[in-house]
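Comments concern the structure below.
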Amino acid sequence: MICVASSDKAVVALIGLAVVIFLVYRIYLWLQSSPDSFLKDRVPINNDIAPHPSIEWLEAAGYEVIGGKLKIPLSFNVDGAPMYSRLFIDYVAAKEDGSYYLVILSRPRKELEFTGSALRDALLPYLLIYPDCSGVLYVNTVSSAIHVISFGRDDGESA
């Protein structure tokens, strides 16, 4: 039988503890990289989903509404004076392939024009705040049409 000194036991215990901590940390990182967690870390999800006919339209188009209205507070500092504003997201929707979209409902007094500059001005802030989303679903509540808008960069070669 081999006799192990108490200092050797302490070193082996410390090495074992370090290995256990490392394994727990790696499992934690692996769990955080799962698609559901990835989505929750990138876009806050409001579990309170207000009923609206657009939810049925989105579901019929193959989307699942996973989050309700979000208010994104913004603050600016202009020449030392604070200014505040907000952006609103009506819903967050996901597809079966793991992609997710920010949903914006049309407003009667603020209709979206489908021109490059109007889309840039209206939707670019959302896509810059949440660059990991697949795009914006603009739901026209009058015609019940769903427009899928994704962000891309012009390489300068198009006419």
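Report, ordered by the first and then the second residue, all pairs with beta carbons closer than 7 Å, sequence separation of six or more or different chains, a first member in the range 114-132 that is at negative phi and of a type in the set (Ser, Thr, Tyr), and a second member that is at pLDDT below 85 and assigned to a helix (DSSP H, G or I).
Correct list of pairs: 130/42.
Determine which member of the set 85, 75 is in contact with a Leu (Cβ under 6 Å, 6 or more places away or on another chain) and open to solvent by 20 Å² or more (accessible area, probe 1.4 Å).
Working: 75 fails: in contact with a Leu (Cβ under 6 Å, 6 or more places away or on another chain).
None of the other options fit; the residue is 85.
Can you pull out the residues in the range 92-126 that are buried (at least 17 other Cβ atoms within 10 Å of the Cβ) and assigned to a helix (DSSP H, G or I)?
119, 123, 126
Could you please let me know if residue 22 is open to solvent by 90 Å² or more (accessible area, probe 1.4 Å), within 18 Å of residue 148 (Cα to Cα) and either in contact with a helix residue (DSSP H, G or I) (Cβ under 8 Å, 6 or more places away or on another chain) or modelled with pLDDT under 90 (or both)? Show your work before the answer.
Working: open to solvent by 90 Å² or more (accessible area, probe 1.4 Å): yes; within 18 Å of residue 148 (Cα to Cα): no; either in contact with a helix residue (DSSP H, G or I) (Cβ under 8 Å, 6 or more places away or on another chain) or modelled with pLDDT under 90 (or both): yes.
No; evaluated as a whole, the condition is false for this residue.
How many of the residues making up the range 127-141 are surrounded by 16 or more Cβ atoms within 10 Å (Cβ to Cβ) and assigned to a strand (DSSP E or B)? Quick ask: steps written out before the conclusion?
Initially, the range 127-141 is screened for residues surrounded by 16 or more Cβ atoms within 10 Å (Cβ to Cβ), giving 127, 130, 133-139.
So of that shortlist, the ones also assigned to a strand (DSSP E or B) come out as 135-139.
Counting residues in the range 127-141 that are surrounded by 16 or more Cβ atoms within 10 Å (Cβ to Cβ) and assigned to a strand (DSSP E or B) gives 5.
Being among the acidic types (Asp, Glu) and in contact (Cβ under 8 Å) with a residue 24 or more places away in the chain narrows it down to one residue among 90, 79, 97; which is it?
Numbers: 79 fails: in contact (Cβ under 8 Å) with a residue 24 or more places away in the chain; 97 fails: in contact (Cβ under 8 Å) with a residue 24 or more places away in the chain.
Just one listed residue meets the conditions, 90.
Taking the range 52-69 on its own, how many of its residues are farther than 14 Å from residue 137 by Cβ and surrounded by 13 or more Cβ atoms within 10 Å (Cβ to Cβ)?
2
The values are calculated or read from the model by the stated rules, or taken from the named source; none is laboratory data. All values derive from a computational prediction rather than experimental measurement. For neighbour counting, all protein chains shown are included, and Cβ atoms are generated from backbone atoms with ideal geometry for every residue, glycine included. Please note that ligands, DNA and RNA were not included when accessible areas were found on the heavy atoms of the full protein model with its side chains. Shrake-Rupley method; radii C 1.70, N 1.55, O 1.52, S 1.80 Å.
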